[in-house]
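What follows is a short report on a single structure.
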Amino acid sequence: MEVVIGDGSHLATVGADAVEQALAARPDAVIGLATGGSPVPVYDELDRRVRTGRLSLREARGFCLDEYVGLPAGHPQRYRAVVERDFVAKVDIDPGNVHAPDGLADDLPAACAAYEQQIRDAGGVDVQILGIGADGHIGFNEPGSSLGSRTRIKTLTRRTREDNARFFDGDVDQVPVHCLTQGIGTILDARHLVLLATGAEKAQAVQWMLEGPVTAMCPASALQLHPHVTVVIDEAAAAGLRLAGYYRDTLAHKPEWQGW
Ligand code: PGA
């Protein structure tokens, strides 16, 4: 795993570089899209690069990580709507090429299986953008999630619902109890994982993820099993890392020829 301890500019550029790399290899690259605050600088940087003509996502495809169950069509906090605001509206991707699990399906298990198939049919995810929850979740895979899990229904923890209440007028009761999320096994199938985290409230989860045991108690620790992971964090999120000096040294000596 490559760990970049940086500032705001790293948080924006490393993720955008990874997407640009994938698009250079294949203009119809498949991008895995996370919601939440962490990926927004990456999406804004992609917006800048599209506007300056440096890259185009015209042929790219996108798959969202997760979705709430039961939020009505048109609800502004449906993750499909959030991704449209935070990402699709900013870049030149075809909205018809961006997919999300169907949290309104009558048959949720069938919708999850269909989503897995859609990802497979697209050839798999080239670059998956990820955030991390304060409890170590990725996507909506809460602690205790099977490390081999696929897209399925999950019950959100009270902690996650409280963290997300800020998007629901501060009212935790408005936050859905259930979600659909790509599984940890689904996420690990992506060819390159780029995880972003900022702030002291993420420091413990980041330490568990990078330097703790691989355990379902910290779903993000499964990234240790993946051969191509880039973790981009700020100083506050890096505060608990034992090997911070080594990560900095590695970055300072990163070979020029080596991409992300
Ligand atoms: P955040 O959420 O990027 O808004 O901090 C991350 C997560 O909960 O997965």
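The values are calculated or read from the model by the stated rules, or taken from the named source; none is laboratory data. Bear in mind that the values here come from a model prediction, so they are computed numbers and not experimental data. Quick reminder, even Gly has a Cβ in these numbers, built from the backbone with ideal geometry, and neighbours come from all protein chains shown. Side chains are part of the model used for accessible areas, which takes the heavy atoms of the whole protein and leaves out ligands, DNA and RNA. Shrake-Rupley method; radii C 1.70, N 1.55, O 1.52, S 1.80 Å.
If we scan region 107-119, do we find a residue that is aromatic (Phe, Trp, Tyr) and away from the ligand (no atom under 15 Å from the Cβ)?
Yes, region 107-119 contains a residue that is aromatic (Phe, Trp, Tyr) and away from the ligand (no atom under 15 Å from the Cβ).
Please verify whether Asp44 is within 15 Å of the ligand (Cβ to nearest atom), charged (D, E, K, R) and either closer than 14 Å to Leu196 by Cβ or in a strand (DSSP E or B) (or both), treating the condition exactly as stated. Break it down stepwise before answering.
Details: within 15 Å of the ligand (Cβ to nearest atom): yes; charged (D, E, K, R): yes; either closer than 14 Å to Leu196 by Cβ or in a strand (DSSP E or B) (or both): yes.
The answer is yes for Asp44.
Only residues that are within 28 Å of Arg48 (Cβ to Cβ) and β-branched (Val, Ile, Thr): list them for region 63-97, please.
The initial filter retains those residues of region 63-97 that are within 28 Å of Arg48 (Cβ to Cβ), namely 63-67, 76-97.
Within region 63-97, Val82, Val83, Val88, Val91, Ile93 meet the criteria.
Kindly indicate whether any position in region 144-152 is free of Cβ contacts under 8 Å to residues at least 60 places away in the same chain, in a strand (DSSP E or B) and either surrounded by 15 or more Cβ atoms within 10 Å (Cβ to Cβ) or of a type in the set (D, E, K, R) (or both).
Start the filter on region 144-152 by keeping residues that are free of Cβ contacts under 8 Å to residues at least 60 places away in the same chain, which leaves 148-152.
Retained after the next criterion (residues that are in a strand (DSSP E or B)): 152.
Checking the rest, the ones that are also either surrounded by 15 or more Cβ atoms within 10 Å (Cβ to Cβ) or of a type in the set (D, E, K, R) (or both) come to 152.
Looking through region 144-152, at least one residue is free of Cβ contacts under 8 Å to residues at least 60 places away in the same chain, in a strand (DSSP E or B) and either surrounded by 15 or more Cβ atoms within 10 Å (Cβ to Cβ) or of a type in the set (D, E, K, R) (or both).
Test each condition in (1) away from the ligand (no atom under 16 Å from the Cβ); (2) in a helix (DSSP H, G or I) for Val83 and report the one that comes out false.
(1) is the only condition that Val83 fails.
Output the residue which, of all residues in region 189-221 that are more than 16 Å from the ligand (Cβ to nearest atom), touching a helix residue (DSSP H, G or I) at 6+ places or on another chain (Cβ under 7 Å) and touching a residue at least 40 places away in the same chain (Cβ under 8 Å), is farthest from Gly148 (Cα to Cα).
His192
I need the full set of residues from region 144-168 which are touching a Cys at 6+ places or on another chain (Cβ under 7 Å), farther than 19 Å from Gly37 by Cα and within 14 Å of the ligand (Cβ to nearest atom), in order please.
Lys154
If I ask for residues that are loosely packed, with under 15 Cβ neighbours inside 10 Å and of a type in the set (Asp, Glu), which ones from region 174-207 would you list?
Of everything in region 174-207, just one residue is loosely packed, with under 15 Cβ neighbours inside 10 Å and of a type in the set (Asp, Glu), namely Glu201.
If I go through region 69-124 residue by residue, how many of them are basic (Lys, Arg) and surrounded by fewer than 17 Cβ atoms within 10 Å (Cβ to Cβ)?
Selection size over region 69-124: 2.
Which is surrounded by fewer than 21 Cβ atoms within 10 Å (Cβ to Cβ), within 12 Å of the ligand (Cβ to nearest atom) and not hydroxyl-bearing (Ser, Thr, Tyr), of Asp171, Asp135?
Numbers: Asp171 fails: within 12 Å of the ligand (Cβ to nearest atom).
Only one candidate passes the filter, namely Asp135.
Write out, first by first residue and then by second, each pair whose Cβ atoms fall under 7 Å of each other, whose residues are 6+ apart or on separate chains, and whose first residue, in region 11-39, is farther than 22 Å from Ile184 by Cβ while the second is within 16 Å of the ligand (Cβ to nearest atom) and open to solvent by 30 Å² or more (accessible area, probe 1.4 Å).
Close Cβ pairs (under 7 Å, with a partner that is within 16 Å of the ligand (Cβ to nearest atom) and open to solvent by 30 Å² or more (accessible area, probe 1.4 Å)) amount to Leu11/Pro41; Leu11/Thr198; Leu11/Asp234; Ala12/Pro41; Ala12/Asp44.
Considering Ala252, Ala239, Ala216, Ala220, which residue is out of contact with any Lys or Arg (no Cβ under 7 Å at 6 or more places or on another chain), under 23 Å from Tyr43 (Cβ atoms) and among the aliphatic types (A, V, I, L, M)? Spell out how you get there, then give the answer.
Details: Ala252 fails: under 23 Å from Tyr43 (Cβ atoms); Ala239 fails: under 23 Å from Tyr43 (Cβ atoms); Ala216 fails: under 23 Å from Tyr43 (Cβ atoms).
Sole residue among the options that is out of contact with any Lys or Arg (no Cβ under 7 Å at 6 or more places or on another chain), under 23 Å from Tyr43 (Cβ atoms) and among the aliphatic types (A, V, I, L, M): Ala220.
Before we move on, is Leu130 within 30 Å of Ala16 (Cβ to Cβ), within 11 Å of the ligand (Cβ to nearest atom) and more than 16 Å from the chain's Cα centre (by Cα)?
Details: within 30 Å of Ala16 (Cβ to Cβ): yes; within 11 Å of the ligand (Cβ to nearest atom): yes; more than 16 Å from the chain's Cα centre (by Cα): no.
The answer is no for Leu130.
Just one of the numbered conditions (1) more than 30 Å from Ala111 (Cα to Cα); (2) modelled with pLDDT under 95; (3) of a type in the set (Gly, Ala, Ser) is not true of Ala24; which one?
(2)
Suppose we filter Leu104, Leu55 for residues that are touching a Lys or Arg at 6+ places or on another chain (Cβ under 7 Å) and either away from the ligand (no atom under 16 Å from the Cβ) or in a loop (DSSP other than H, G, I, E, B) (or both); which single one remains? Show your work before the answer.
Details: Leu104 fails: touching a Lys or Arg at 6+ places or on another chain (Cβ under 7 Å).
Unique residue meeting the criteria: Leu55.
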